[in-house]
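First comes the structure, then the notes that go with it.
The values are calculated or read from the model by the stated rules, or taken from the named source; none is laboratory data. In this text the structure is predicted, and so the values were computed from the model without any measurement. FYI the Cβ positions are ideal-geometry reconstructions off the backbone, even for glycines, and counts take in every protein chain you see. Heads up: the accessible areas ignore ligands, DNA and RNA and are worked out on the full protein's heavy atoms, side chains in. Shrake-Rupley method; radii C 1.70, N 1.55, O 1.52, S 1.80 Å.
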Amino acid sequence: MEDCYQIFTQRLELTNPWTISRGTAAQKEYAYLKLESGGLTGWGEAAHNSRYGESLGSVRAGLELGMAWILENPTDLAGAAGRIFADPAIPRSAKAALDMALLDLEGKQRGLPARAVLGIVETVPPVTSFSIGIDDLDTIRAKVLAAGDYAVLKIKLGTDHDEAIMAAVREVTDQPLRVDANEGWKDPETALRHIVRLAGQGVELIEQPLPAGRLDEVAWLRERSPLPLFADEDVMDSADIAKLAGCYHGINIKLMKAGGPREAWRMIQRAREHGLKIMLGCMIESSCGISAAAHLSGAVDFVDLDGHLLLAADPFRGLRLEAGRVRTSEAPGLGVEWV
Ligand code: MG
(Lines give C-alpha, C1' and ligand atoms only; values in the text may rest on other atoms or scores of the structure.)
Protein backbone atom coordinates (compact mmCIF):
# COMPACT_ATOMS: atom_id res chain seq x y z
CA MET A 1 0.00 0.00 0.00
CA GLU A 2 3.10 2.24 0.04
CA ASP A 3 2.38 5.69 -1.41
CA CYS A 4 -1.11 4.54 -2.30
CA TYR A 5 -2.99 6.95 -0.15
CA GLN A 6 -3.96 10.59 -0.24
CA ILE A 7 -4.93 12.94 2.54
CA PHE A 8 -6.61 16.09 1.26
CA THR A 9 -9.10 18.71 2.36
CA GLN A 10 -12.42 19.66 0.83
CA ARG A 11 -14.66 22.62 1.58
CA LEU A 12 -18.37 21.85 2.06
CA GLU A 13 -20.84 24.69 1.54
CA LEU A 14 -24.03 24.53 3.58
CA THR A 15 -27.42 25.28 2.05
CA ASN A 16 -28.09 27.68 4.95
CA PRO A 17 -25.83 28.97 7.72
CA TRP A 18 -26.06 26.49 10.62
CA THR A 19 -26.51 27.76 14.17
CA ILE A 20 -26.73 25.81 17.43
CA SER A 21 -26.33 27.06 21.00
CA ARG A 22 -22.52 27.15 20.59
CA GLY A 23 -22.25 29.22 17.40
CA THR A 24 -22.74 29.51 13.62
CA ALA A 25 -21.08 27.99 10.53
CA ALA A 26 -21.71 28.75 6.84
CA GLN A 27 -19.26 26.15 5.56
CA LYS A 28 -17.03 23.33 6.74
CA GLU A 29 -13.59 22.24 5.59
CA TYR A 30 -12.73 18.65 6.39
CA ALA A 31 -9.87 16.22 5.79
CA TYR A 32 -10.46 13.12 3.65
CA LEU A 33 -8.50 9.91 3.29
CA LYS A 34 -8.32 7.91 0.07
CA LEU A 35 -6.69 4.51 0.61
CA GLU A 36 -5.83 2.42 -2.44
CA SER A 37 -4.86 -1.22 -2.54
CA GLY A 38 -5.10 -3.80 -5.33
CA GLY A 39 -7.18 -1.49 -7.53
CA LEU A 40 -9.73 -0.89 -4.74
CA THR A 41 -10.34 2.36 -2.87
CA GLY A 42 -11.32 2.94 0.76
CA TRP A 43 -12.75 6.36 1.68
CA GLY A 44 -12.69 8.12 5.03
CA GLU A 45 -14.01 11.48 6.21
CA ALA A 46 -12.94 13.38 9.34
CA ALA A 47 -15.70 15.83 10.29
CA HIS A 48 -13.66 17.45 13.06
CA ASN A 49 -15.37 19.45 15.77
CA SER A 50 -13.80 22.24 17.81
CA ARG A 51 -16.13 21.31 20.71
CA TYR A 52 -13.87 18.28 21.18
CA GLY A 53 -10.59 20.19 20.77
CA GLU A 54 -10.03 19.19 17.15
CA SER A 55 -8.82 21.31 14.22
CA LEU A 56 -8.17 20.63 10.54
CA GLY A 57 -4.43 20.68 11.30
CA SER A 58 -4.59 18.24 14.22
CA VAL A 59 -6.78 15.90 12.20
CA ARG A 60 -4.47 15.92 9.17
CA ALA A 61 -1.53 15.13 11.47
CA GLY A 62 -3.61 12.36 13.07
CA LEU A 63 -4.37 10.84 9.67
CA GLU A 64 -0.63 10.71 8.91
CA LEU A 65 0.00 9.01 12.27
CA GLY A 66 -2.71 6.47 11.52
CA MET A 67 -1.28 5.79 8.07
CA ALA A 68 2.06 4.99 9.70
CA TRP A 69 0.29 2.24 11.68
CA ILE A 70 -1.31 0.91 8.50
CA LEU A 71 1.92 0.95 6.47
CA GLU A 72 3.82 -0.80 9.26
CA ASN A 73 1.96 -3.99 8.38
CA PRO A 74 -0.24 -3.53 5.30
CA THR A 75 -1.39 -7.16 5.37
CA ASP A 76 -3.00 -6.77 8.82
CA LEU A 77 -5.63 -4.06 8.37
CA ALA A 78 -7.77 -5.27 11.29
CA GLY A 79 -4.72 -5.07 13.56
CA ALA A 80 -3.99 -1.55 12.31
CA ALA A 81 -7.57 -0.50 13.10
CA GLY A 82 -7.07 -1.63 16.70
CA ARG A 83 -3.73 0.19 17.06
CA ILE A 84 -5.18 3.38 15.58
CA PHE A 85 -8.14 3.32 17.97
CA ALA A 86 -5.80 2.89 20.96
CA ASP A 87 -3.42 5.73 19.95
CA PRO A 88 -4.22 8.79 22.12
CA ALA A 89 -2.27 11.09 19.74
CA ILE A 90 -4.86 10.63 16.97
CA PRO A 91 -7.97 12.87 17.22
CA ARG A 92 -11.26 10.97 17.26
CA SER A 93 -12.57 12.23 13.93
CA ALA A 94 -9.25 11.21 12.33
CA LYS A 95 -9.67 7.75 13.91
CA ALA A 96 -13.17 7.66 12.44
CA ALA A 97 -11.86 8.50 8.95
CA LEU A 98 -9.14 5.84 9.18
CA ASP A 99 -11.56 3.23 10.50
CA MET A 100 -14.18 3.87 7.84
CA ALA A 101 -11.54 3.82 5.07
CA LEU A 102 -10.25 0.47 6.34
CA LEU A 103 -13.80 -0.87 6.61
CA ASP A 104 -14.61 0.39 3.10
CA LEU A 105 -11.50 -1.31 1.72
CA GLU A 106 -12.11 -4.55 3.61
CA GLY A 107 -15.70 -4.66 2.39
CA LYS A 108 -14.58 -4.20 -1.20
CA GLN A 109 -11.88 -6.86 -0.81
CA ARG A 110 -14.44 -9.34 0.56
CA GLY A 111 -17.33 -8.27 -1.65
CA LEU A 112 -19.47 -7.41 1.39
CA PRO A 113 -21.31 -4.25 2.48
CA ALA A 114 -19.75 -2.57 5.52
CA ARG A 115 -22.56 -3.76 7.80
CA ALA A 116 -21.87 -7.39 6.91
CA VAL A 117 -18.14 -6.95 7.62
CA LEU A 118 -19.14 -5.78 11.12
CA GLY A 119 -21.58 -8.69 11.54
CA ILE A 120 -24.73 -6.56 11.53
CA VAL A 121 -27.84 -8.12 10.04
CA GLU A 122 -29.65 -5.85 7.60
CA THR A 123 -33.02 -4.58 8.81
CA VAL A 124 -35.16 -1.59 7.87
CA PRO A 125 -33.75 1.41 9.80
CA PRO A 126 -35.92 3.90 11.70
CA VAL A 127 -36.83 7.12 9.86
CA THR A 128 -34.31 9.90 10.25
CA SER A 129 -35.11 13.15 11.98
CA PHE A 130 -34.27 16.37 10.15
CA SER A 131 -32.64 19.12 12.19
CA ILE A 132 -33.82 22.72 12.35
CA GLY A 133 -31.01 25.01 13.53
CA ILE A 134 -31.35 28.23 15.50
CA ASP A 135 -32.45 31.16 13.32
CA ASP A 136 -34.76 34.15 13.25
CA LEU A 137 -38.37 33.08 13.63
CA ASP A 138 -39.41 33.66 10.00
CA THR A 139 -36.50 31.51 8.79
CA ILE A 140 -37.37 28.79 11.30
CA ARG A 141 -40.99 28.75 10.07
CA ALA A 142 -39.79 28.54 6.46
CA LYS A 143 -37.32 25.73 7.23
CA VAL A 144 -39.97 23.74 9.09
CA LEU A 145 -42.43 24.13 6.19
CA ALA A 146 -39.72 23.00 3.75
CA ALA A 147 -39.04 19.90 5.89
CA GLY A 148 -42.58 18.51 5.61
CA ASP A 149 -41.37 15.27 3.99
CA TYR A 150 -39.52 14.19 7.14
CA ALA A 151 -41.48 12.18 9.69
CA VAL A 152 -39.86 13.86 12.69
CA LEU A 153 -37.92 17.09 13.24
CA LYS A 154 -35.11 17.82 15.70
CA ILE A 155 -35.34 21.38 16.99
CA LYS A 156 -32.18 23.04 18.28
CA LEU A 157 -32.84 25.01 21.48
CA GLY A 158 -30.71 26.22 24.37
CA THR A 159 -31.25 29.93 23.62
CA ASP A 160 -32.75 32.75 25.68
CA HIS A 161 -35.87 32.62 23.46
CA ASP A 162 -36.67 28.89 23.30
CA GLU A 163 -40.39 29.50 23.92
CA ALA A 164 -40.65 31.80 20.90
CA ILE A 165 -38.83 29.23 18.72
CA MET A 166 -41.21 26.45 19.77
CA ALA A 167 -44.25 28.68 19.21
CA ALA A 168 -42.99 29.47 15.68
CA VAL A 169 -42.44 25.76 14.97
CA ARG A 170 -45.86 24.76 16.26
CA GLU A 171 -47.55 27.52 14.23
CA VAL A 172 -46.62 25.67 11.04
CA THR A 173 -46.40 21.94 11.87
CA ASP A 174 -47.98 19.11 13.86
CA GLN A 175 -45.02 16.79 13.19
CA PRO A 176 -43.50 14.94 16.16
CA LEU A 177 -40.46 16.78 17.47
CA ARG A 178 -37.23 16.05 19.31
CA VAL A 179 -35.33 18.80 21.09
CA ASP A 180 -31.56 19.21 21.36
CA ALA A 181 -30.46 21.81 23.92
CA ASN A 182 -26.75 21.28 23.07
CA GLU A 183 -25.75 21.95 26.72
CA GLY A 184 -27.58 25.29 26.54
CA TRP A 185 -29.71 25.13 29.70
CA LYS A 186 -27.50 26.28 32.55
CA ASP A 187 -29.04 24.59 35.60
CA PRO A 188 -31.36 21.63 36.29
CA GLU A 189 -34.29 23.74 37.51
CA THR A 190 -34.30 25.77 34.29
CA ALA A 191 -33.99 22.57 32.25
CA LEU A 192 -36.93 21.00 34.09
CA ARG A 193 -39.11 24.05 33.44
CA HIS A 194 -38.34 23.82 29.72
CA ILE A 195 -38.88 20.05 29.60
CA VAL A 196 -42.26 20.16 31.36
CA ARG A 197 -43.45 22.78 28.85
CA LEU A 198 -42.03 20.82 25.89
CA ALA A 199 -43.77 17.64 27.04
CA GLY A 200 -47.07 19.38 26.31
CA GLN A 201 -45.94 20.34 22.81
CA GLY A 202 -45.54 16.95 21.16
CA VAL A 203 -41.84 16.57 21.94
CA GLU A 204 -40.70 12.95 22.30
CA LEU A 205 -37.21 13.29 23.77
CA ILE A 206 -34.61 15.77 25.01
CA GLU A 207 -30.95 15.70 24.05
CA GLN A 208 -28.11 17.01 26.25
CA PRO A 209 -30.10 19.39 28.46
CA LEU A 210 -27.16 20.48 30.64
CA PRO A 211 -23.43 21.13 30.10
CA ALA A 212 -21.48 17.87 29.90
CA GLY A 213 -19.91 16.47 33.05
CA ARG A 214 -22.78 17.26 35.44
CA LEU A 215 -24.16 13.75 35.83
CA ASP A 216 -25.45 14.27 39.38
CA GLU A 217 -27.65 17.08 38.08
CA VAL A 218 -28.79 14.96 35.13
CA ALA A 219 -29.75 12.18 37.57
CA TRP A 220 -31.80 14.73 39.56
CA LEU A 221 -33.46 15.84 36.32
CA ARG A 222 -34.15 12.27 35.22
CA GLU A 223 -36.11 11.63 38.46
CA ARG A 224 -38.43 14.50 37.54
CA SER A 225 -38.42 14.70 33.75
CA PRO A 226 -41.61 13.72 31.91
CA LEU A 227 -39.53 13.09 28.76
CA PRO A 228 -36.62 10.71 28.09
CA LEU A 229 -33.16 12.32 28.32
CA PHE A 230 -30.42 11.47 25.82
CA ALA A 231 -26.69 12.14 26.29
CA ASP A 232 -24.76 13.59 23.37
CA GLU A 233 -21.83 15.77 24.50
CA ASP A 234 -21.72 13.57 27.64
CA VAL A 235 -20.87 10.39 25.71
CA MET A 236 -17.88 9.76 23.47
CA ASP A 237 -17.09 6.04 23.33
CA SER A 238 -17.97 2.72 24.95
CA ALA A 239 -15.89 3.48 28.06
CA ASP A 240 -18.39 6.24 28.97
CA ILE A 241 -21.52 4.14 28.89
CA ALA A 242 -21.64 2.42 32.29
CA LYS A 243 -21.57 5.70 34.22
CA LEU A 244 -24.42 7.16 32.15
CA ALA A 245 -26.87 4.32 32.72
CA GLY A 246 -28.40 5.75 35.92
CA CYS A 247 -28.50 9.31 34.59
CA TYR A 248 -29.83 9.20 31.06
CA HIS A 249 -32.48 7.12 29.31
CA GLY A 250 -30.44 6.93 26.13
CA ILE A 251 -27.31 8.00 24.26
CA ASN A 252 -26.55 9.64 20.92
CA ILE A 253 -23.74 7.72 19.20
CA LYS A 254 -21.75 9.52 16.50
CA LEU A 255 -18.89 8.02 14.53
CA MET A 256 -16.83 11.21 14.83
CA LYS A 257 -16.99 11.08 18.65
CA ALA A 258 -16.61 7.31 18.93
CA GLY A 259 -13.60 7.08 16.63
CA GLY A 260 -15.24 5.08 13.84
CA PRO A 261 -17.87 2.50 12.94
CA ARG A 262 -16.21 -0.39 14.82
CA GLU A 263 -16.29 1.49 18.13
CA ALA A 264 -19.80 2.77 17.41
CA TRP A 265 -20.94 -0.85 16.99
CA ARG A 266 -19.29 -1.74 20.34
CA MET A 267 -21.18 1.20 21.88
CA ILE A 268 -24.50 -0.10 20.54
CA GLN A 269 -23.88 -3.48 22.14
CA ARG A 270 -22.67 -1.96 25.44
CA ALA A 271 -25.66 0.43 25.59
CA ARG A 272 -28.05 -2.50 25.12
CA GLU A 273 -26.39 -4.34 28.02
CA HIS A 274 -27.07 -1.29 30.21
CA GLY A 275 -30.68 -0.87 29.07
CA LEU A 276 -30.03 2.45 27.33
CA LYS A 277 -31.95 3.55 24.25
CA ILE A 278 -29.79 4.37 21.25
CA MET A 279 -29.84 7.25 18.82
CA LEU A 280 -27.42 7.23 15.91
CA GLY A 281 -26.43 10.81 15.09
CA CYS A 282 -23.85 12.71 13.07
CA MET A 283 -21.97 15.94 12.59
CA ILE A 284 -22.44 17.96 9.41
CA GLU A 285 -20.86 15.37 7.11
CA SER A 286 -20.93 14.33 3.48
CA SER A 287 -22.48 11.07 2.32
CA CYS A 288 -19.15 9.38 3.10
CA GLY A 289 -19.39 9.66 6.89
CA ILE A 290 -23.18 9.41 6.89
CA SER A 291 -23.02 6.18 4.89
CA ALA A 292 -20.56 4.66 7.36
CA ALA A 293 -23.07 5.43 10.12
CA ALA A 294 -26.07 4.29 8.08
CA HIS A 295 -24.62 0.78 7.91
CA LEU A 296 -25.30 0.63 11.70
CA SER A 297 -28.74 2.23 11.58
CA GLY A 298 -30.79 -0.98 11.50
CA ALA A 299 -29.46 -1.75 15.00
CA VAL A 300 -30.63 1.44 16.78
CA ASP A 301 -33.87 2.94 18.11
CA PHE A 302 -33.65 6.49 16.73
CA VAL A 303 -31.84 7.81 13.67
CA ASP A 304 -30.62 11.37 13.19
CA LEU A 305 -28.53 11.10 10.03
CA ASP A 306 -29.21 14.36 8.26
CA GLY A 307 -25.73 15.97 8.07
CA HIS A 308 -25.44 15.44 4.32
CA LEU A 309 -28.91 16.84 3.77
CA LEU A 310 -27.72 20.24 5.05
CA LEU A 311 -25.04 20.54 2.32
CA ALA A 312 -25.45 22.64 -0.83
CA ALA A 313 -23.26 20.10 -2.69
CA ASP A 314 -22.24 16.62 -1.51
CA PRO A 315 -18.83 15.41 -2.78
CA PHE A 316 -19.96 11.77 -2.49
CA ARG A 317 -22.92 9.87 -3.86
CA GLY A 318 -24.35 6.47 -2.96
CA LEU A 319 -26.91 7.15 -0.24
CA ARG A 320 -30.60 7.50 -0.92
CA LEU A 321 -33.51 8.81 1.07
CA GLU A 322 -36.47 6.43 0.90
CA ALA A 323 -39.72 7.21 2.72
CA GLY A 324 -37.78 9.26 5.27
CA ARG A 325 -35.14 6.56 5.81
CA VAL A 326 -31.46 6.98 4.92
CA ARG A 327 -30.57 3.84 2.95
CA THR A 328 -27.11 2.69 1.88
CA SER A 329 -26.37 1.33 -1.56
CA GLU A 330 -25.94 -2.41 -2.05
CA ALA A 331 -22.35 -1.98 -3.29
CA PRO A 332 -19.50 -3.51 -1.24
CA GLY A 333 -17.87 -1.43 1.50
CA LEU A 334 -19.45 1.88 2.44
CA GLY A 335 -21.17 2.02 -0.94
CA VAL A 336 -20.16 5.59 -1.81
CA GLU A 337 -18.07 7.13 -4.55
CA TRP A 338 -16.44 10.52 -4.96
CA VAL A 339 -18.46 12.57 -7.44
MG1 MG B 1 -26.77 16.84 19.90
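Dipole check for the chain: with +1 at the C-beta of Lys and Arg, -1 at the C-beta of Asp and Glu, and the Cα centre as origin, the magnitude is about 400 Debye.
Taking all protein chains as they are arranged and a probe of 1.4 Å, the heavy atoms of Ile90 leave approximately 10 Å² accessible to solvent. Here is the list for region 1-31: trypsin sites (Lys or Arg not before Pro) lying in DSSP coil, each with at most 16 other C-beta atoms within 10 angstrom of its C-beta, are Arg22.
Of the listed residues Lys186, Lys277, the order by accessible area with a 1.4 Å probe, largest first, is Lys186, Lys277. Considering only the Cα atoms of region 53-204, their convex hull presents on average a projected area of 12.7 nm². If R0 is 22 Å, the Cβ-Cβ spacing of Ser55 and Thr15 corresponds to a FRET efficiency of close to 0.35. With a threshold of 30 Å on the Cα-Cα distance, the over-threshold entries among Lys34/Lys156; Lys34/Lys277; Lys186/Lys254; Lys143/Lys186; Lys156/Lys243; Lys34/Lys243 are Lys34/Lys156; Lys34/Lys277; Lys34/Lys243.
Beta-bridge orientation, the chain: approximately 50 percent antiparallel, per DSSP, counting only bridges with both partners inside. Average accessible surface for the chain: 38 Å² per residue, computed with a 1.4 Å probe over protein heavy atoms with every protein chain in place. Its alpha carbons give region 168-249 an Rg and a Dmax of 12.8, 42 Å.
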